[in-house]
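Presented below is the structure to which this report refers.
Readers should treat all values here as calculations from the given coordinates under stated rules, not as data from a laboratory. Since this is a predicted model, take the numbers as computed values, not measurements. Don't worry about glycine lacking a Cβ; one is built from the backbone with ideal geometry, like all the others, and counts go over all protein chains shown.
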Amino acid sequence: MRGGGICSMAEVVEWEEAELAINNSTIAFNSAKWGGGVANSDGTVNVKNTIVAGNTVHAGGAGPNCDSSGTITTSYNLESGSDCGFTGTGDLQGADADLGSLQDNGGPTWTHALSADSPAINAGSCTDIAGNPVTIDQRGVLRISPCDIGAYEYVLWVYLPVVIGGATSTPEPQIHIYGRVSMEDGTGMADVGIYAGVTCMPGLAGSLVATTDQEGYYEGETDCPFGHDETMRVFAVLEGYTFVPELDCWRTYGYCPGRQTDFVAFPFPTPAAEY
């Protein structure tokens, strides 16, 4: 059998050369006699922003990852060996993609997730072979420039507990905002801007209250919209992306009550507005 992941072969009768394009794919942990990942017989295979890793061949076979008697053109790919000949712009050879097992990571099909230490992260291109923008990964998750190599885009899950200390007196009441921003594994996130504002819709608006320290903690004060029927929100900005808590907006009704939001994961960040 040829091509455990994918096979491209010339048309035998009229000997027409086959041409195949592989964009933003992960071809991993497959097996075949020739070309455990990709087999190319006398054709042209164009590969971009793709991981080919951990594939194997049967005894006496050739090319754990790729077996080709044709032409392979490449850019921004990662292979665990060197038999694919990935030597184009941005290509990585002999690299450990640090892939997870094939499983449900969200989206319509199963995927191999990237670990936080994968060299594929931020090493890819955000366009396909034809130069068209690639805006989502296989799951439908937003691609964030610089994009990751492969079918899976690694996106931080930011947890943002916000504790609001109430203020009910005049003049110039202040509310106390404090908490901690962390990733899913509990690691604190430094240099995250914490903003507070007195509007929820439309869009985001607010002023910087605090910036997280090396352990992810933040603490600050902001004016309370005392005496007005206002709405209030607290949100975080990191590297140009905005992270908004689920319980981020409430009315003050003439005073600023104490409030604690649920901690929140926002895995699909959108570009931040200007503040």
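Compute the distribution of all C-alpha to C-alpha distances in the stretch 1-131, in bins of 5 Å from 0, and list the percent of pairs in each, rounded to whole numbers. Binned Cα distances yield the sequence 2, 12, 20, 23, 21, 13, 6, 2, 1, 0. The stretch 65-106 and the stretch 108-151 have Cα centres spaced 14 Å apart. Amide hydrogen proximity for T44: with H placed 1.01 Å from N in the peptide plane, the residues at 5 or more positions away or on another chain lying under 5 Å are A18, E19, L20, T71.
Listed highest first by mean packing, meaning other Cβ atoms within 10 Å per residue, what order do 47-56, 77-86 come in? Before the final figure, lay out each step's value.
On the way: 47-56: 25.9, 77-86: 23.4.
Order by mean packing, descending: 47-56, 77-86.
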